[in-house]
Every structure is written in structure tokens, then in C-alpha cells.
Amino acid sequence: MRQVLFTLPGGLEIRGYGAMLVLAFLSSTWLAWRRARAEKLDPEVISDMAFWIFLFGMVGARLFYCIEYWGDDVKSVWQAFQFWRGGIVYYGGIIGGAVAFLVYHRLHRFPFRPFLDVVAPSIAVGTLFGRLGCFLNGCCYGDSCQLPWAVSFPRLSPPWSHHYALGLIGPNAPYSLPVHPTQLYSAIDAFILFLLLSAYFPLRKRDGEVMGLLVICYPITRFLIEILRNDEGVFILGLTISQTISVSLFATGLLYWAWLLLLPKTLHRDQAPAPEPHAPLVASAQP
């Protein structure tokens, strides 16, 4: 855990969580841009759309967290805006990013399913760095365990505060109880998903299948990792809210695949000429 990576002259703190979010944005955008160009798609669509997906994703992730933890971890409007200290919900980010993608497609028509495939591996890469940020911040921690790779977080960290509130440790305890490093489990899971999606990319028969693979696989692994986490309570039917969303997303993925299988086996890259220049989202200020 390292909530503050270093402090710049003047006292400006560079926080580990925020730094990982920046790396997530830059790496996922760069990967999608290169993938789009290789697939004969206009990479400028990625350049223009990436900021809006990131912005809507952050708003959705933070809004989801504030709704879920208002009055507990978030007690004021000012605290609601302090996203750099952690406290965002992954599925809220996915919902916000999806809204941005759909709105941008509505305003600037582009090949829908081919671009879904382009951004799918980037979602896995962004998740990888985001979960490393969770580990640096100490959030999204797991349940207590005695495994050799269990991690103890320092005093006043989220796991320490949780264990202290339960009376499991005293006020002078330097560390929390050993817990599952579920943040690292999730990061490893994201890396494996990235490798899987990248390997499947040249094997797909229809545009949209790579995104379909992600929508099927991620909810399964997230549901299982959620069993080991200890930072969310039961939402419904013995499931946490993230597990509930995972079940819904998996069902949506099955329906999506059923629809895909009705489509002809064609790929955009096999039919498309070189992409035309993409009209910028904001007109240039120069005459």
C-alpha cells in the first residue's frame, strides 16, 4: 500500500491511485488506437472518444460509490468529488463509459461492432492498472486469511479501520489482519483476460465477438473474486451488489451472443478501404 507515491515541491501529492488511473487511460487509449488502425478503422475516433469515455466512466464510477456509501464513507458533497483518494465502483465506470460510447456513436456514426472489438482488450488493460491503484490505495480488500501470500495493510488503512471497527484489533495495532490481496487477484485476472481477448481477436468470425467474449468471461471471474472480498455487504439473495450486476451482465452476454450468431460471418477489415479522415468533435478555432 502506498497512497502517496511522492510529494512534489510545494506540497503537491502524487497519489498512487490517481497515477494508476492516468496509466490506465493512456495505455488503454494507445492500445485501442493501434488496434483501430490495424483493423482499417479510423483511429481518430478513438482519440476523440477516449476522453469522453474516461470522463463519463469516472463520473459513473464515483456516482455509483457515493450512492452506495453515502453517509458512511462519503458524508459531504466535497468528499464526493475527491475521487483521487479512491472510492469508485468498477461497474459504475463501465456503465458510464458505455453511455459515452453510445452517445458518441449517436453523434458521430462509426462502425459499431468493429469498434466494440477494438476497445474490449483496452478495457482489460484499464482494469489491470485500476486494480493496481486499488492495491496502492488499500481499498477493495479481501477477507481475512492465513495464506502465505496474504497481505496486512498499515494502520488507518481501509482494512485496518474495518478490523478495528469489528473489534478484531486494538487501536495501537500497526497493521490489519492478513487478508486476501483481491486487488492483485483482479489485476492478474485482467491480464489473463487481455491475453485471451488478444489471442481470440484474429480468430473471430464476426465483428463484436471479442466484446462478447469479455462480457461473458469477466462477470464469471468477478463473481468468484467477490466471494473473497470483504468490503461490500449483501445486496439481494445473499449476493453483493457487484455479484448481482455480474449475474445480470452474464445474462446480457448470453443474449448478445445469441444475436451475434444470427449474423453473417463477415469482418469489417475484410471489406473496408482505408479509413477517411474523421471529423473532429470540436471545430478548430483557426479560420
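Summary table below
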quantity: Per-residue Cβ neighbour rank within 10 angstrom, fewest leading, Val215, Val119, Val59; calculated: Val59, Val215, Val119
quantity: Förster radius 45 Å - calculated FRET efficiency between Thr7 and Leu263 (Cβ-Cβ, nearest 0.05); calculated: 0.25
quantity: Ranked by how many other beta carbons lie within 10 Å on average, peptides 130-136, 106-112, 238-244 from highest; calculated: 130-136, 238-244, 106-112
quantity: Helix-derived mean residue ellipticity, 222 nm - over the chain, DSSP H n ≥ 4, -39500 (n - 2.57), to 500; calculated: -19500 deg cm²/dmol
quantity: Cα lying deepest toward the dipole's positive end in the chain, options Pro202, Ile225, Ile236, charges on Cβ; calculated: Pro202
quantity: Taking Lys40, Lys205 and counting other C-beta atoms within 10 Å, the order from fewest to most; calculated: Lys205, Lys40
quantity: Alpha carbon centroid spacing (whole Å) that separates region 105-152 from region 156-170; calculated: 27 Å
quantity: Shape call, region 149-284: gyration tensor on alpha carbons, a/c limit 1.5; calculated: prolate
quantity: Interchain or long-range residues, amide H under 5 Å from Arg229's placed H; calculated: Asp143
quantity: Directionally averaged projected area (convex hull, Cα atoms, region 81-204), nm²; calculated: 10.1 nm²
quantity: Backbone N within region 207-226 under 14 Å of label point (7 Å from Val247 Cα along the Cβ vector); calculated: 220, 223-224
quantity: Footprinting exposure proxy for Asp231, Asp143, Asp189 (fewest neighbouring C-beta atoms within 10 Å first); calculated: Asp143, Asp231, Asp189
quantity: Highest-fluctuation residue, Pro121, Pro181, Pro202 considered, GNM on the chain with Cα pairs under 10 Å; calculated: Pro202
quantity: GNM top mover of Ser152, Ser76, Ser248 - the chain, alpha-carbon springs below 10 Å; calculated: Ser76
quantity: Helix 16-38 axis, angle to the chain major axis (alpha carbon atoms, nearest 10°); calculated: 20 degrees
quantity: Net charge dipole size for the chain [Lys, Arg +1 and Asp, Glu -1 on Cβ; Debye, nearest 20]; calculated: 360 debye
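A short reminder: the numbers here are calculations on the coordinates, not readings from a lab. Fair warning: this is a prediction, and the values are worked out from it, not measured in the lab. We place every Cβ from the backbone using ideal geometry, glycine too, and count neighbours over all the protein chains shown.
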